[in-house]
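The values are calculated or read from the model by the stated rules, or taken from the named source; none is laboratory data. Since the structure is predicted, the reported quantities are computational estimates derived from the model, not experimental observations. Cβ: placed from backbone, ideal geometry, glycine included. Neighbour counts: every protein chain shown. The accessibility values were calculated without ligands, DNA or RNA, using every heavy atom of the protein model including side chains. Shrake-Rupley method; radii C 1.70, N 1.55, O 1.52, S 1.80 Å.
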Amino acid sequence: MTPPILEKIYVILGNADATGQQRLADTLSRLFTHVNLTVNLYLATKNLPEVVSQVEWILAQVGQYLDEYRYARVYVHVVHPVSGEDAGEIGRCYERLKRHKDRFDREGYMHQEVPRLMVLPLIVWHGTGKPHALHPLLEWFRGSFLPAALYLDGESAFLPLDEELKALTEKTYYGDGYSGDISDVVFSLGCQDIVDDSSSRLESGMSVEVSCPPNLIVSATEGKIYSCVDAFSKRQPWTEMDGNPDMGSLASFYGSSGVQHGRCVGCRERLAATFSQFSLPAATRREIGALMYHLGALHQDRGQYAEAIHSFRHSLNLSSADEGASILFQIGLCHTMVCDYDAALETFEKTAPEYENAHFFHFYQGVCYFHKGNYAFALEAFSKAAALAPPSEDLVGILLYLGTCHNNLGQYEAALEPLNKACRWGDGVKEVWSSLGFSYFQLKNYDSAIASLKRAVALDPSSVADYASLGANYREKRDFPNAIAMFEKALALDPGFTPAAENLKRLRRKG
Amino acid sequence: MDLGGQECTVWISADAIVVFDPPDWFFLPFLTPLPYSLCAMNVLLIEMNPFAPVSTPISLGYMAAHLEANGFTVKIITLGQDTPFSRAGLEDLLQSFQPRLVGFSAYQRTILYALGLARLIKSVDQEIRVAIGGPQATFMPSSALSEMPHVDYICRSSGEATLLVVAKAVAGGMPFFGLAGVTYRERDGDICDTSSLDGYEDLDRYPSPYLTDVFDYSKMREAILLTSRGCPHNCIFCYTPRAFNRRITFHSVDRVLEETRWIHKKGIRRLWFADPNISYRWERLENLLERILQEGLKFEIWLQTRADLVNPDMMKMMKRAGVTTVAFGLESAAERVISRLDKKVSIGQVAQAIGMAQAAGIEVELFTMFGLPYETFEDAQETLAFVRKNNVKIMGNTNSQQMQIYFGTHINEHYAEYHIRPLNSDRPGYISVGSQYETDHMTHGEIRKLQALWRANSLDGGKRVVS
């Protein structure tokens with residue numbers, strides 16, 4: 001199996017001694033054979049000043065890699081908390097890191113759009129109160145590096161309201177509170193990454209039923225490598241750092257969690273749902289809402305209606321009010337598909353303010369009433385649907401239901417009008433001819449019934465019920481040879497079709 | 001022919017009469033070229049642009065089709081910003097495909113990456129020959145080859161013809177014998193330029209990359225077509241006129257239509273006509289569009305042309321045939337600036353053309369630039385105002401960019417006369433001035449400000465499609 005191409009590697013740095021540092025270097029060196037032409041390396045630490053030498057050392061290794069492979073680009077994101085009081089010390093750390101990237105700046109800005117090595121600060125705000133203390137540091141980042149990205153948790157979610165701060169930062173990440181464990185931050189970054197990946201796939205019209213981009217998490221503190229964010233959250237490592245990572249086994253892992261089992265969709269959904277619980281701005285919530293809606297539709301397509309309802313409900317909670325009706329309607333449809341008509345009707349009712357004038361609203365209400373056996377209500381709903389000028393492809397279905405409601409209410413004369421109209425619009429739809437045949441039969445107009453049913457069997461020569469109905473019409477006309485022939489035909493198609501067998505038995509007895 | 005001396009000699013190949021400057025090893029007795037057709041040979045063509053999504057590599061496609069028609073086996077790989085590709089992947093590809101020749105299409109902004117890949121390729125197999133071609137290579141100074149140790153050839157003439165000559169030489173076991181259209185390095189490090197090589201006048205003589213299925217349609221979102229090549233105009237910033245000797249050559253309408261049908265059959269519904277001026281011969285384009293309509297081929301079409309080559313009827317016809325977007329080159333909306341670009345299209349003509357397209361319901365894109373000769377900061381702001389006034393959405397190709405000074409352009413040869421000052425002089429020989437300049441009329445800081453101004457006015461954050 002082809003080894004995966006790594007696009008992102010998250011490294012959780014520890015207080016490494018020389019051996020630990022070498023172990024990490026060896027691991028990264030092996031993994032870098034399999035990184036994408038452009039790779040994002042996240043170096044996460046809870047205390048940058050403590051590990052700055054280690055970060056410098058990694059940057060030097062990355063520099064050597066870039067010297068060797070001049071087609072490659074590495075974006076190093078340094079992820080660490082800043083409290084405000086330590087801004088000066090953090091600035092001094094970056095002064096040291098700057099040395100390693102400067103030569104690539106010269107190489108890059110002279111000839112290219114962006115340099116091949118970028119060092120991108122990703123600040124986990126860990127202070128209290130207003131973050132003015134951050135401004136000088138962020139300004140310095142903007143001048144000497146690139147604008148920093150900001151990681152916000154529930155407590156610091158007010159920060160984006162600070163316009164000045166917003167102008168100084170490149171991107172905002174969101175998390176679930178920073179308790180001092182940088183692993184939590186890495187998990188949140190991974191979740192957001194999956195949400196971003198899924199959203200961008202949707203925007204580009206691509207499927208989300210695929211594995212996530214192969215992103216590894218290397219925990220130097222644990223000495224383990226995790227194959228994806230989900231595995232990291234469950235603490236199920238792929239391999240130990242000490243070993244020689246078998247990229248083939250990683251490929252098998254990604255392959256086995258493939259599309260065929262729908263596991264990737266489930267995983268994306270689970271992580272997106274986790275992410276949605278963080279303190280997020282409205283736009284991000286809506287983005288996840290759109291993703292959930294799409295996932296709901298995927299479940300719906302697969303006939304997984306319970307899962308679809310779950311996704312749509314999640315989407316409903318995250319989406320804006322004006323999208324509520326369309327989501328609710330999908331939930332109603334799912335309830336309909338699992339024959340939970342009461343729940344469906346209750347859900348459809350909530351969409352009435354938006355869809356009162358839409359034919360499909362009344363149609364699906366009618367379908368629910370119809371299947372509940374409440375034909376009078378169904379008739380009213382279908383009549384409203386028909387009056388709302390539905391497109392021709394929908395009209396046939398509405399008229400068919402209308403006619404069938406009349407038939408079921410014993411209003412056979414009334415059924416003729418919608419069913420005849422349905423035959424004109426949907427000449428090729430077998431069911432309308434069958435229903436029309438039934439109405440004529442009940443009205444004892446056997447010739448018209450036979451004509452209708454003949455059209456039905458012409459459209460579907462395997463329709464057992466229609467042959468049996470033809471037999472019944474001939475029987476009533478006392479045309480027994482034809483009646484027998486039709487019942488025999490029905491039985492030939494389905495020897496277990498009891499009504500045909502009993503009729504035949506009776507006719508033969510008479511004969 | 002006197003092959004005994006060291007002087008230049010005329011050598012007659014199957015393709016052309018070329019001036020041959022024999023390298024020193026030429027006179028070794030065992031060097032009898034093998035007929036190339038006896039040597040099965042694989043050629044790998046690479047286009048790498050890590051700054052943009054992958055698009056159909058039409059030029060490499062033509063070369064691949066031409067090489068395949070001549071018995072070579074060709075693979076194309078395109079590496080865009082979203083293409084997953086690793087060192088291990090490339091090494092595996094080199095091991096499995098075993099190309100003996102690798103060709104790169106190089107642009108100013110991608111040349112470093114091409115050179116990086118060339119180095120990797122040579123580290124895997126020193127015997128693989130590496131050629132670079134494309135806009136960056138055509139007029140690159142020959143001396144630049146000495147700064148590109150992992151490149152064997154700079155291809156300068158018509159891509160199909162030149163690469164075929166190189167491929168034949170490599171396949172024949174004498175990679176530097178009988179070459180034309182290239183610059184190469186001799187064993188002693190001397191740089192040797194060969195004579196130029198003309199391509200076909202009649203473009204139909206080149207096999208179609210579409211009809212020969214050179215491309216992987218499963219990954220293609222949009223087909224790029226080149227129904228003509230070259231431009232007869234003289235815009236001082238443009239590479240095309242000199243590259244094509246200010247001539248324009250064409251495919252027949254029959255051939256384009258045949259390709260179009262095939263593309264449609266393959267399920268592609270977006271066409272991008274990359275001709276510099278597709279309406280240069282209106283009757284030809286009219287014929288093509290009419291036949292697309294007659295055959296019921298439904299496409300969304302993007303095309304570009306000059307503002308002085310359109311009329312209202314033409315626009316209506318384009319709309320009916322599926323043209324959704326037409327792009328015009330405005331460059332600058334300051335008359336005193338544009339009059340010095342030798343473009344010979346007035347701002348009024350551009351405004352009229354925009355109106356015609358918009359009246360026909362076609363979206364307009366405008367190519368504009370800042371940092372042009374004699375342009376002041378205020379002039380450049382006029383361009384932005386013009387775009388807004390004419391209701392052209394600032395997104396996609398309408399996002400403006402700084403003028404780039406490329407090899408082969410008039411301005412590259414004469415920048416001092418236009419009061420342009422490069423910001424540094426220590427760039428490698430394979431890089432042109434590009435965007436690293438300021439002018440007497442605009443400082444580098446003002447250029448940066450304009451960049452930010454356009455970005456601030458952009459609806460999509462300033463992502464261009466075409467550079």
Task: Surface/4 estimate of mean projected area, convex hull on alpha-carbon atoms of segment B:107-246, nm² - done: 10.4
Open item on the list: Expected output is a single nm value to one decimal: the length gained when fully extending between B:Asp460 and B:Thr443, i.e. 0.36 nm times separation in residues minus the C-alpha distance. What is it?
Closed with: 3.5 nm
TODO: For A:Ala321 paired with B:Glu295, estimate the spin-label separation in nm (one decimal), with each label point 7 Å from Cα along the Cα-to-Cβ line.
DONE: 5.4
- [ ] Just the number, please: Stokes-Einstein D of segment A:1-157 in µm²/s, Kirkwood Rh from C-alpha pairs, 4 °C, 1.567 mPa s.
- [x] 79
- [ ] For segment A:411-511, run through the trypsin sites (Lys or Arg not before Pro) and keep only the ones in DSSP coil with at most 16 other Cβ atoms within 10 Å of their Cβ.
- [x] A:Lys444, A:Lys477, A:Arg478
- [ ] State, to one decimal in nm², a quarter of the convex hull surface area for the C-alpha atoms of the protein assembly as shown, i.e. the direction-averaged projected area.
- [x] 50.5
TODO: Using only the Cα atoms of segment B:331-405, each taken as one equal point scatterer with no solvent, compute I(q) by the Debye sum, divide by I(0), and report log10 of the ratio at q = 0.12, 0.14, 0.21, 0.24 Å⁻¹.
DONE: -0.30, -0.41, -0.92, -1.17
Task: Cβ charges +1 (Lys, Arg) and -1 (Asp, Glu), total dipole of segment A:1-137, debye - done: 180
- [ ] Step through the residues of segment B:86-93 one at a time and calculate ³J(HN,Hα) from phi using the Karplus curve (6.51 cos²θ - 1.76 cosθ + 1.60, θ = phi - 60°), rounding each to whole Hz and writing x for Gly and Pro.
- [x] 10, 4, 4, x, 5, 4, 4, 4
TODO: Loop only per DSSP, at most 12 neighbouring Cβ atoms within 10 Å: give me the trypsin sites (Lys or Arg not before Pro) in segment A:15-54, ordered by residue number.
DONE: none
Open item on the list: Amide H of A:Ala148 versus every other amide H placed in the peptide plane: which residues, excluding those fewer than 5 positions away on the same chain, fall under 5 Å?
Closed with: A:Arg142, A:Glu170
- [ ] For segment A:1-64, report the translational diffusion coefficient in µm²/s to the nearest whole number, using Stokes-Einstein at 10 °C, 1.306 mPa s, and a Kirkwood Rh over Cα pairs.
- [x] 127
- [ ] Jot down the per residue volume, in cubic angstrom and as a whole number, of the convex hull over the alpha-carbon atoms of segment B:384-467.
- [x] 120
Open item on the list: Tell me the total accessible area that B and A bury against each other, 1.4 angstrom probe, in square angstrom rounded to 100.
Closed with: 2300
Open item on the list: Can you give me the long-range amide H partners of A:Arg73? Hydrogens built in the peptide plane at 1.01 Å from N, cutoff under 5 Å, separation of 5 or more residues or another chain.
Closed with: A:Thr38, A:Val39
Task: Cβ-Cβ FRET estimate between B:Asn424 and A:His132, R0 fixed at 35 Å, reported to 0.05 - done: 0.35
- [ ] Would you give the gap between the C-alpha center of segment B:253-278 and the C-alpha center of segment A:304-368, rounded to a whole Å?
- [x] 44
Task: Under Karplus coefficients 6.51, -1.76 and 1.60, residue-wise ³J(HN,Hα) of segment B:250-264 in Hz, glycine/proline x - done: 10, 8, 6, 5, 4, 5, 5, 5, 4, 5, 4, 4, 5, 4, 4
TODO: Could you size up the charge dipole of chain B around its Cα centre, putting +1 on the beta carbon of Lys and Arg and -1 on that of Asp and Glu, and report it in debye to the nearest 20?
DONE: 1480
Open item on the list: Need one word for segment B:40-193: rounded, prolate or oblate. Basis is the Cα gyration tensor (sqrt eigenvalues a ≥ b ≥ c); a/c below 1.5 gives rounded, then a/b vs b/c decides.
Closed with: rounded
Open item on the list: Past 21 Å, Cα to Cα: identify those pairs from A:Lys430/A:Lys454; B:Lys316/B:Lys344; B:Lys75/B:Lys298, in the order given.
Closed with: B:Lys316/B:Lys344; B:Lys75/B:Lys298
- [ ] Would you please give the residues with an amide H less than 5 Å from that of A:Cys228, counting only those at least 5 places away or on a separate chain, with H modeled from the backbone geometry?
- [x] A:Ile217
Open item on the list: Beyond a 24 Å Cα-Cα separation, which of these cross-linked pairs lie in this structure: B:Lys266/B:Lys393; B:Lys319/B:Lys393; B:Lys122/B:Lys219?
Closed with: B:Lys266/B:Lys393; B:Lys122/B:Lys219
TODO: Please say if segment A:380-511 is rounded, prolate or oblate, where rounded means a/c under 1.5 for a ≥ b ≥ c the square roots of the C-alpha gyration tensor eigenvalues, and otherwise the choice is prolate for a/b larger than b/c and oblate otherwise?
DONE: prolate
Open item on the list: I need the Debye-formula profile for segment B:297-341: one equal scatterer per C-alpha, no solvent, reported as log10 I(q)/I(0) at q = 0.15, 0.20, 0.21 1/Å, two decimals.
Closed with: -0.49, -0.70, -0.74
Task: 20 Å cut-off, amide nitrogen to a point 7 angstrom out along A:Glu476 Cα→Cβ, residues in segment A:395-421 - done: A:403-421
Open item on the list: Sequence gap at least 6, Cα distance under 8 Å: using those rules, report the relative contact order of chain A to the nearest whole percent.
Closed with: 9
Open item on the list: Quick check: the distance between the Cα centres of segment B:350-413 and segment A:385-420, to the nearest angstrom?
Closed with: 59
Task: Segment A:Gln442-A:Ala458, extension gain: residue separation times 0.36 nm, minus the distance between their alpha carbons - done: 3.6 nm
TODO: Rounded to the nearest Å, what's the spacing between the alpha carbon centres of segment B:56-89 and segment B:214-228? Just the number, please.
DONE: 12
Task: For segment B:250-332, alpha-carbon Rg and Dmax in angstrom - done: 12.3, 41
TODO: With a 1.4 Å probe and all protein chains in place, put A:Cys228, B:Cys192 in order of accessible area, largest first.
DONE: A:Cys228, B:Cys192
Open item on the list: Out of all DSSP beta bridges in segment B:212-315, what portion is antiparallel? Express it as a percent rounded to 5.
Closed with: 25
Task: Charge dipole (the protein assembly as shown, unit charges on Cβ, about Cα centre) - positive-most of B:Ile236, A:Gly143, B:Trp262 - done: B:Trp262
TODO: Sticking with the crude label model, points 7 Å out along Cα→Cβ, report the distance from A:Glu222 to A:Arg286 in nm, one decimal please.
DONE: 3.7
Open item on the list: Based on alpha-carbon atoms only, what is the radius of gyration of chain A relative to the globular estimate 2.2 N^0.38 Å?
Closed with: 1.43
Task: Set of aspartates and glutamates near A:Lys372 by C-alpha distance (under 20 Å), chain-local residues within fewer than 8 positions excluded - done: A:Asp340, A:Asp342, A:Glu346, A:Glu349, A:Glu380
TODO: Please work out the average accessible area per residue across the protein assembly as shown, using the 1.4 Å probe convention, and give it in Å².
DONE: 42
TODO: For segment B:101-210, run through the GluC sites (Glu not before Pro) and keep only the ones in DSSP coil with at most 12 other Cβ atoms within 10 Å of their Cβ.
DONE: B:Glu127, B:Glu201
Task: Dimensions in Å of chain B - Rg and Dmax from alpha carbons - done: 23.0, 72
Open item on the list: For segment B:313-467, what are Rg and Dmax over the alpha carbons, in angstrom?
Closed with: 16.4, 53
- [ ] For the protein assembly as shown, give the percent of accessible area contributed by carbon and sulfur heavy atoms, probe 1.4 Å, rounded to a whole number.
- [x] 50
TODO: Please average, across the residues of B:76-85, the number of beta carbons from any other chain that are within 10 Å of each residue's own beta carbon, and give a whole number.
DONE: 3
Open item on the list: Per residue of segment B:127-143, what does 6.51 cos²θ - 1.76 cosθ + 1.60 with θ = phi - 60° give for ³J(HN,Hα)? Whole Hz please, x for Gly and Pro, Karplus curve as stated.
Closed with: 7, 5, 8, 10, 10, 10, x, x, x, 6, 8, 3, 10, 5, x, 4, 4
TODO: Against the globular-protein guess of 2.2 N^0.38 Å, express the Cα radius of gyration of segment A:300-340 as a ratio, rounded to two decimals.
DONE: 1.10
